[in-house]
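Scroll down for the structure; my scribbles are underneath it.
The values are calculated or read from the model by the stated rules, or taken from the named source; none is laboratory data. Remember, it's a predicted structure, so these values are computed and weren't measured experimentally. Quick reminder, even Gly has a Cβ in these numbers, built from the backbone with ideal geometry, and neighbours come from all protein chains shown. Note: areas computed on protein heavy atoms with side chains; ligands, DNA, RNA excluded. Shrake-Rupley method; radii C 1.70, N 1.55, O 1.52, S 1.80 Å.
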Amino acid sequence: MLPFKHPFPNRNSKYFLKCNFLAVVNDGIAPPQRILFPPEKIRMDWQQPLSVGVGLQNMGNTCYLNATLQCLTYTPPLANYMLSLEHSKSCQEKGFCMMCTLEAHINQALHLSKKAHFRYGRQEDAHEFLSFTVEALQKACLNGSTTLDTSSQATTLINQIFGGYLRSQGTCQKSSCPLNWSGSTFLFIQTVTSVTEALEQLVKPEQLDGENSYKCSKCENMVPASKRYTIHRSSKVLIITLKRFSAFTGGKINKDVKYPEYLDLRAYMSQSMGEPLIYSLYAVLVHSGSTCNEGHYICFIKAGNGFWYRMNDAIVERSDTETVLNQQAYLLFISDGVRVSCCSEKDSHCRETIVCVLVCSLG
């Protein structure tokens, strides 16, 4: 086990805020004019040694919703904040508030011994539901504000946990002009057998020429160019989506793609030199079925007691690391700094251990 090294020895200092948002001036992202949520209040390790909570009753094609909510429920920095009830105590939203709704759900799921229930719905895609949920949470944190600059909007609790930047860097081979592309968080898996291989493909430079040449805004010509994606700023919690479904046919790629329990992201960052960025796996969402319009969703989560559990709607069962790492994963949830109470599989006593070498606030 690598020793824990904290890059910010005094997390309550103004220095910490400066390091998080203001000192990173060479990456092309403007500093915020206003910080909406104090970064030192985000706790990446479980603040309560909770065991696993309840299952969620399937009310008719709601397995996609159940599995996604379980992964969010066991996201430590999000759960810690929701368990504090801090949001609902100060929320002034008169209508529907996604933050209040998720806060109530997480408290119910982790504290009650009965099954939680949801209304009837149709089968949907778990990744799409997750995207809409995180977007709604971000909107609730902004509380209707439309005047904030983009960098300030990125300082909400939700964006500090889940937000990040994927850099698309290109070079015009005629004039060495920098080019811009929009990024994607998906990993394509058709030709790979592992997540690390897919990440290597993501950051591999691609040559554009011939019919695929790029029109350079500076040269104003169609020119050969190269482009490369890198993770510019990673989030505290990174969700890796394995692109298993076709956007046109809905067909599914059923293949095994290996993924590790711990993943070093340093080689895939825009700044590839430096200390390791070790992320640890804490949730895996799995889809079984041949298309995105049918099948079943389950998930595996690591609870606050350090044990893995299989969450299949209302059924909650103990699992183990080997089983978790041998799933046909659809979504992988990894965190850059989780301190857990890790229970040994061979004995009954627990020991606390650090599963990261850095707590990096890059989101």
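Descriptive notes on the structure:
- Divide the volume of the convex hull around the Cα atoms of the stretch 217-331 by the residue count and you get 175 Å³ per residue.
- FRET efficiency for residue 41 and residue 128, using Cβ-Cβ distance with R0 set to 30 Å, rounded to 0.05: 0.50
- Stretch gain in nm, segment residue 204-residue 151, where the contour uses 0.36 nm per residue and the Cα spacing is subtracted: 16.2 nm
- Ordered by 1.4 Å accessible area with all protein chains kept, 275, 124 run largest first as 275, 124.
- Over 29 Å apart at the Cα level, from the set 243/302; 41/204; 215/236; 215/252; 41/94, are 41/204; 215/236; 215/252.
- Probe 1.4 Å, accessible area per residue of the stretch 215-335, Å²: 41 Å²
- Surface calculation, 1.4 Å probe, protein heavy atoms: residue 240 sits at approximately 10 Å² accessible.
- If you sort 310, 266 by accessible surface, 1.4 Å probe, largest first, the order is 310, 266.
- Cα principal axis extents for the stretch 206-275, largest first, Å: 46, 42, 17
- Area projected by the alpha carbon convex hull of the stretch 281-323, averaged over all directions, nm²: 3.5 nm²
- Each 10 Å bin, from zero up to the one with the longest distance, holds this percent of the alpha carbon pairs of the stretch 60-110: 24, 51, 23, 2.
- Accessible carbon and sulfur surface of the stretch 251-299 relative to its total accessible area, %, 1.4 Å: 54 percent
- Placing a pseudo-label 7 Å from each Cα along the Cα-to-Cβ vector at residue 226 and residue 212 gives an inter-label distance of 1.5 nm.
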